[in-house]
Amino acid sequence: MQEIKGIKSVLLKKRIPLTNIIGTDVFVALTILPVYRYVDGKRTDEVIGSRYDVVDEIKYDRYSIKVQGEPLMSNEELQAMREHEKVMLQFENPSVYLYYSSQTKCYEDSYSAEAVMYVPTQEAKK
């Protein structure tokens, strides 16, 4: 069992499948932003992945899911698509990780996935 700042939990520092918690791996896309590498607490110019800001279709809870590597599309392309359709994204092995943030002095969730795919709207409704 892990302990951080007096809190003991088997959940600390463990990746938990997000689908076990919310029941889906398909989300409505809002934005796509770069994720930068940090060295000694300082941001570098190196982009290591993308952050996909999404909402689930049931409760409309918002999630920021990080995926390493090249983005599926640019944020500009996503926003152009959103003018005409609900853009659905499916994440491969999405997970949540509980950690202590020294900035906010709180426990927070971090979301990540191995990959992301565009799901045409008709397929997303099946």
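All of the numbers you see were taken from the coordinates with simple rules; none came from a lab. In this text, all values refer to a predicted model and were calculated from it rather than measured experimentally. Virtual Cβ from ideal backbone geometry, glycine too; neighbours counted across all protein chains shown.
Roughly what would the spin-label model give for ILE16 and VAL28, points 7 Å off Cα along C-beta, in nm?
Spacing of the two 7 Å Cα→Cβ label points: 2.6 nm.
Calculated from DSSP H runs of 4 or more alone, at -39500 (n - 2.57) each and per residue, what is the 222 nm mean residue ellipticity of the chain, nearest 500? List each step's numbers first, then the result.
Numbers: 3 runs with 17 residues, N = 126.
That calculation yields -3000 deg cm²/dmol at 222 nm.
Using the Karplus curve 6.51 cos²θ - 1.76 cosθ + 1.60 with θ = phi - 60°, what ³J(HN,Hα) values do you get for each residue of segment 47-63, in whole Hz, with x for Gly and Pro?
So the Karplus estimates, Gly and Pro as x, are 8, 10, x, 9, 10, 9, 8, 9, 10, 7, 7, 8, 9, 6, 6, 9, 9 Hz.
Taking the dipole about the Cα centre of segment 1-90, with the C-beta of Lys and Arg at +1 and of Asp and Glu at -1, give me whichever of TYR52, VAL28, ILE16 is farthest to the positive side.
ILE16
What ranking, highest mean first, results for peptides 51-63, 89-101 when packing means the other Cβ atoms within 10 Å averaged over each residue?
89-101, 51-63
If I model a spin label at SER9 and CYS106 as a point 7 Å from the Cα along the Cα→Cβ vector, what separation in nanometres do I get?
1.3
To one decimal place, what Kirkwood hydrodynamic radius in Å is obtained for segment 61-119 from all pairs of distinct Cα atoms?
Details: mean 1/r = 0.0752 Å⁻¹.
Across segment 61-119, the inverse of the average 1/r is 13.3 Å.
Classify the chain: rounded, prolate or oblate, from the alpha-carbon gyration tensor (a ≥ b ≥ c, eigenvalue square roots; a/c under 1.5 rounded; otherwise prolate if a/b is larger than b/c)?
Details: a/c = 2.42, a/b = 1.43, b/c = 1.69.
Oblate, since a/c reaches 1.5 and b/c is not below a/b.
Can you compute the label reach from ASP45? Point 7 Å from Cα along the Cβ direction, backbone N cut-off under 17 Å, restricted to segment 62-83.
Counting backbone N atoms under 17 Å from the label point, the list is empty.
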